[in-house]
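These notes are about the structure you will find just below.
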Amino acid sequence: MKKFIQTLKNIWSIDELRKKILYTLLLIFIYRVGSYIVLPGINPNKLNNLASSTQSGMLGLLDAFVGGAFHQASIFALGIMPYISASIFMQLVTILVPQMAKIQKEGESGRKKINQWTRYITVVVTAFQAAAYIGYLRSPANREALIPGYGDQLFWISTVIILTVGTLFVMWLGEKITDKGLGNGTSIIIMMGILARLPQAFIQEWSARINKGGGGLLIFLIEIAFLVAIIMGLIMLVQGTRRVAVQYAKQIVGNKQIGGARNFLPLKVNAAGVMPIIFAQAILFLPTIFSGFTGGSKIFTDHTNPVYMLIYTVLVIVFTFLYTALIFNPKQMAEDLKRSNGFIPGVKPGEPTADYIGTIMDRITLPGAVLLALVGILPGLFQLAFSTQQSFSTFYGGTSLLIMVGVILDTLQQIETQLLMRQYDGLMSGGRIQGRQTVASGM
C-alpha cells in the first residue's frame with residue numbers, strides 16, 4: 001500500500017503526465033454531460049419504453065457503448081460508434097484492396113489520407129443511422145415520448161443534424177484525448193460509456209439480493225469474487241503471447257560488431273482482439289429482424305438459451321480464425337526478419353520461416369478462440385447459475401469487459417512508460433505491463 005501511494009505521488013509529480021490526466025478527465029466530463037442533454041422535441045419524462053426496449057440484443061450493446069445515451073435520446077445517442085464502423089470498413093479495405101494498402105504504407109501522408117476518408121465515411125454512416133434512430137423513436141412503442149407540438153419535418157431535420165454533429169464532436173473529443181491527453185481517445189470514450197453503467201448495475205444487483213434475503217449478501221460477495229477472478233483471467237488472455245526465439249546474424253563494421261543479439265518474436269494468443277465477439281453478435285442480431293414472422297427467432301435475443309450459446313461459440317471461433325488470417329501475415333513477417341538479417345534457429349529463412357510462424361499461430365489461435373468464446377457466453381452462464389440481474393451479468397464477460405480490460409491495460413502501459421523514462425519505479429515490480437491493440441485500431 002505504501003508503494004502504491006508513492007507511485008501515485010510519482011505520477012502526480014510529473015508535470016507533463018499530470019496535465020495529460022487532467023486534460024483527459026476534463027474532456028471525459030464534457031462527454032458525460034452531453035450524454036444527458038435530450039434531443040429537441042423529446043419529452044425526457046416519457047422515455048421508459050425506450051429504456052426497456054434497449055435491454056438486450058444489439059441495441060443493448062450499443063446503449064452500453066454510449067453510456068446509456070441511446071435510451072435517453074441524447075444528442076450523443078449514437079456516440080462514437082459510427083466512427084468505429086467507418087474505421088472497421090477502412091481497415092478491411094486497406095487489407096483487401098492492394099491500392100489502399102500502398103497508400104497506408106506511404107507513412108504520415110498516407111495515414112492522413114485514410115483518416116480523412118474515414119471522417120467522410122463517418123458523416124455518411126451517422127446520417128443513415130440518425131435516420132434509422134428517428135424511425136425507432138417514431139415507432140408506436142416510443143412515439144409517446146415525442147412532443148406533439150413539434151413538427152415531424154422539423155423533428156426529422158433537426159435530429160439528423162444534431163446527431164451527426166454530436167457524433168463528429170465526440171470523434172473530435174477522442175482525437176484531442178489521443179493528441180494531448182492520456183491513452184487512445186476513442187477507446188477511452190467507449191470505456192467510460194461502459195463504466196458509466198457499472199454503479200447502477202451494482203446497485204440493482206445489491207438491491208435484488210438484499211430484498212430476496214436467504215443469504216443474498218453471501219451470494220453477492222461470491223458474485224464479486226467471481227468477477228475479480230474473471231477479470232484476472234481476461235488480463236492473462238489479453239497479455240498472453242507465445243515467444244518465438246529469433247537470432248540476428250553478426251556483422252563486422254570497422255572495429256565494431258553489429259548484430260548477433262538474441263531476441264523474441266511475440267505472437268499474441270488473442271490477436272483478433274474483440275472483433276470476433278462483435279461480428280458474432282451482429283450475425284445473431286439479423287434473425288431478430290424477422291421476429292414478426294418466426295417465433296423461433298427469440299432464441300437469438302436470449303443470452304441464456306443453450307442454442308444461442310452453441311451458435312455464438314461456433315461463430316466466435318470461426319470469426320477468430322478468419323480475422324486473425326486477415327490481420328496476421330506470416331510471409332511479411334518472414335520477409336522483415338530476412339531483411340534485418342534475423343532468423344529462427346533451426347528454420348531456413350523465407351518460405352519455411354513463414355510456414356513455421358503460420359503453424360505456431362494456428363496452434364495458439366485455437367485455445368485463444370475457445371477462451372474468447374467462453375468469455376462471450378459467460379454473462380448468460382452467470383445469469384442462469386446465479387439468477388443475476390441482466391444489467392450486472394453483462395460485466396461478467398462479452399464485449400464490455402474485454403474492451404474495459406484492454407483499454408485499461410493500454411492506458412496503464414503509457415503511464416508506466418512515462419514513469420520509467422524518468423527513472424521511477426514502474427506500476428508492477430514483477431515485470432512491465434503489456435498493452436494490447438486499442439479499440440480503434442483493434443476494431
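Nothing in this text is a laboratory measurement; each read-out follows from the coordinates by a stated rule. Keep in mind that what you see is a predicted model, and the values were worked out from it rather than measured. Ideal geometry is used to build each Cβ from the backbone, glycine not excepted, and the neighbour counts take in all protein chains shown.
Could you check the simple spin-label distance between V93 and A385, using points 7 Å along Cα→Cβ, in nm with one decimal?
Taking the simple label geometry, V93 and A385 are separated by 4.4 nm.
Once you charge only the Cβ atoms, +1 for Lys and Arg and -1 for Asp and Glu, what is the size of the charge dipole of the range 2-442 about its Cα centre, to the nearest 20 debye? Intermediate results must be reported in sequence, preceding the final value.
Numbers: 36 positive and 20 negative charges, 232 e Å.
It comes to approximately 1120 debye.
Multiply the residue gap between R262 and I224 by 0.36 nm, knock off their C-alpha separation, and tell me the result in nm, one decimal place.
Values: separation 38, 0.36 × 38 = 13.68 nm, distance 4.35 nm.
Once the chain is fully extended between R262 and I224, it gains 9.3 nm.
Lysines near K105 by alpha-carbon distance under 22 Å, same-chain residues fewer than 8 away left out - which ones?
The reachable lysines, counting only those whose Cα sits under 22 Å from K105, are K113, K331, K338.
Can you tell me how the range 2-442 classifies by the Cα gyration tensor, rounded, prolate or oblate, using a/c under 1.5 as the rounded cut? List each step's numbers first, then the result.
Numbers: a/c = 1.59, a/b = 1.52, b/c = 1.05.
Judged from the Cα gyration tensor, the range 2-442 comes out prolate (a/c at least 1.5, a/b above b/c).
How much length is gained if the chain between Q414 and Q6 is pulled fully straight, taking 0.36 nm per residue apart and subtracting their Cα-Cα distance, in nm to one decimal?
Values: separation 408, 0.36 × 408 = 146.88 nm, distance 1.80 nm.
Taking Q414 through Q6 to full extension adds about 145.1 nm, to one decimal.
Is the range 317-407 best put as rounded, prolate or oblate by its Cα gyration tensor, with a ≥ b ≥ c the root eigenvalues, rounded for a/c under 1.5, and otherwise prolate when a/b is larger than b/c, oblate when not? Walk me through the numbers on the way to the answer.
Values: a/c = 4.13, a/b = 3.19, b/c = 1.29.
The shape class here is prolate.
Can you compute the FRET efficiency between V33 and R363 using 1/(1 + (r/R0)^6), with r the Cβ-Cβ distance and R0 = 41 Å? Round to the nearest 0.05.
Values: r = 49 Å, r/R0 = 1.19.
The value I calculate is 0.25.
Give the cross-link partners of K3 among the lysines, using a straight C-alpha distance below 26 Å as the criterion and excluding same-chain residues fewer than 8 apart.
K19, K20
Obtain the nm distance between the two label points defined at A131 and D152 by a simple spin-label model: each point lies 7 Å from its Cα along the Cα-to-C-beta direction.
So the two model labels end up 1.6 nm from each other.
I'd like to know which of I134, I80, L182 lies farthest towards the positive end of the charge dipole of the range 2-442, counting +1 on Cβ of Lys and Arg and -1 on Cβ of Asp and Glu.
It is L182, whose Cα lies furthest towards the positive end.
For F169 and K338, compute 0.36 nm times the residue count separating them, minus their Cα-Cα distance, and round to one decimal in nm.
Working: separation 169, 0.36 × 169 = 60.84 nm, distance 4.50 nm.
Contour length minus Cα-Cα distance gives 56.3 nm.
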